[in-house]
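Report on one structure; see the data block that follows.
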There are 2 protein chains.
Amino acid sequence: MTDTDPSQIKGFNRARERAARALLEDYVEMIADLTAEFGEARITEIAARLGVAHPTATKAVARLKREGLAVSRPYRGVFLTETGEALADQVRERHRTVVALLRAVGVPEEVAEIDAEGIEHHVSSRTLEAFEAFLASKAGK
Amino acid sequence: MTDTDPSQIKGFNRARERAARALLEDYVEMIADLTAEFGEARITEIAARLGVAHPTATKAVARLKREGLAVSRPYRGVFLTETGEALADQVRERHRTVVALLRAVGVPEEVAEIDAEGIEHHVSSRTLEAFEAFLASKAGK
DNA sequence: CGAATCTTGTAGCCAAGGCTACATTTCGCA
DNA sequence: TGCGAAATGTAGCCTTGGCTACAAGATTCG
């Protein structure tokens, strides 16, 4: 079996890639937030805010670097690349939209923030468009 | 460190329990569907529909049994316990509600079905209530 | 300037979901 | 009835996110 078996990939993708993408997005978003707030994102701070031990954050950042989303030098802060920034913007925008949508259908603010964290990673672009259109029409009324 | 450190649990919960709960729910829902359709749920069928190899499904079912959600005898089908049935009902009801909500805000049907799969596991009870209320008010108009 | 302290990096282990390979048990049918 | 195919079970490995423990590079300040 030298070529790639689709059925295997499907299984691999299932829970795996789903979770992996969510994780990447969380880290990128957090780095963007910290950079905006402090001018840089330190490993310790990233770990603390995401509620994980620092080696866990180190590993994740290594992955971000591998994927070209971030750069860093030993003992210095972590910064997003242009690609990383773009992803962060997209993620934050989507987060805002999801929260707004939830609020628009009557979800209490605190709950909306919390649930959006989990939900946002599963909102496809088409669903996002629908959300935006719905919010726009509602605003127009 | 003999007592339980909360910060550690938080980390453990993060991606872990999130994914674990979604997985359990997917399996329970699938078993319920298959039982409704064929009178029993076979490991092979469960695995096929969830797109995983059968040993993977076997492991998951073992976990369901451990948690008291299902029962099974070797080389026989898998069945849900009352607790499992209750969870399945809840999961399916929530799935329906999420799909309905998505449709109500303008998401195309096929997309709604797909995205609901990922979203539903992150919808808290309070958000679900809000969805139901929103749908009810909309129906009333 | 040097030591205590704080921040990072590295090594190494665990649990869990996935998979493949191989052993067993059932089942369908000639 | 008996055998081969199909369905399950079991063993064992990989990857990944998490964690702890320990090593090593920054920092701060007396």
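The values are calculated or read from the model by the stated rules, or taken from the named source; none is laboratory data. Values in this document were obtained by computation on a predicted structure and should not be read as measured data. Here the Cβ is made from the backbone with ideal geometry for all residues, glycine too, and neighbour counts use every protein chain on show. With ligands, DNA and RNA removed, areas are computed over all heavy atoms of the protein, side chains included. Shrake-Rupley method; radii C 1.70, N 1.55, O 1.52, S 1.80 Å.
Only Cα pairs under 8 Å and 6+ residues apart enter the sum, and on that basis the relative contact order of chain A stands at 19 percent.
Computed from phi, the 3J(HN,Hα) profile of the range B:53-69 under the Karplus parametrisation 6.51, -1.76, 1.60 (θ = phi - 60°) reads 6, 5, x, 5, 5, 4, 4, 4, 5, 4, 5, 4, 5, 4, 8, x, 9 Hz, with x in place of Gly and Pro. Taking all protein chains together and a 1.4 Å probe, the residues B:25, A:109 rank A:109, B:25 from largest to smallest accessible area.
In the range B:118-141, comparing the full protein assembly with the chain on its own, the residues that lose 40 Å² or more of accessible surface at a 1.4 Å probe are B:119, B:122, B:126, B:127, B:130, B:134. Here the sum of -39500 (n - 2.57) over DSSP H runs of 4 or more residues, divided by the residues of chain B, equals -22500 deg cm²/dmol at 222 nm, to the nearest 500. Expressed in Å, the radius of gyration and Dmax of the Cα atoms of the protein assembly as shown are 20.9, 61.
Residue by residue through B:99-110, how many Cβ atoms from other chains fall within 10 Å of the Cβ on average? Other-chain Cβ atoms within 10 Å of each residue's Cβ, averaged: 4. Straight-distance candidates among the aspartates and glutamates for linking to residue B:138, with alpha-carbon spacing under 16 Å and chain neighbours fewer than 8 residues away dropped: B:129. Applying Stokes-Einstein at 37 °C and 0.692 mPa s to the Kirkwood radius of chain B, computed over alpha-carbon pairs, gives a translational diffusion coefficient of 196 µm² s⁻¹. Chain A contacts chain B over a buried accessible area of about 2600 Å², both sides summed; the probe is 1.4 Å and only protein chains count. Size of the range B:51-118: Rg and Dmax of its alpha carbons, in Å, are 15.6, 47. Each part reduced to its alpha carbon centroid, the range A:38-55 and the range B:27-50 end up 42 Å apart. Give me the percent of the accessible area of the range B:6-80 that comes from carbon and sulfur atoms, probe 1.4 Å, all protein chains in place. Result for the range B:6-80: 57 percent of the exposed heavy-atom area is carbon or sulfur. On the principal axes of its alpha carbon atoms, the range B:84-140 extends 32, 24, 16 Å, with the longest extent given first.
Rolling a 1.4 Å probe over the protein heavy atoms gives the protein assembly as shown an accessible area of 57 Å² per residue.
Quote the relative contact order of the range B:6-80 in percent (integer), defining contacts as alpha-carbon pairs under 8 Å separated by 6+ residues.
Numbers: 58 pairs, mean separation 21.0, N = 75.
Relative contact order here is 28 percent.
Taken along its three principal axes, the alpha carbon spread of the range A:6-80 comes to 45, 23, 21 Å, from the longest extent down to the shortest. Computed with a 1.4 Å probe over protein heavy atoms only, the accessible area of residue A:89 comes to about 80 Å². 3J(HN,Hα) along the range A:88-99: 4, 4, 4, 4, 5, 4, 5, 4, 4, 5, 5, 4 Hz, from the Karplus curve 6.51 cos²θ - 1.76 cosθ + 1.60 with θ = phi - 60°, whole Hz, x for Gly and Pro.
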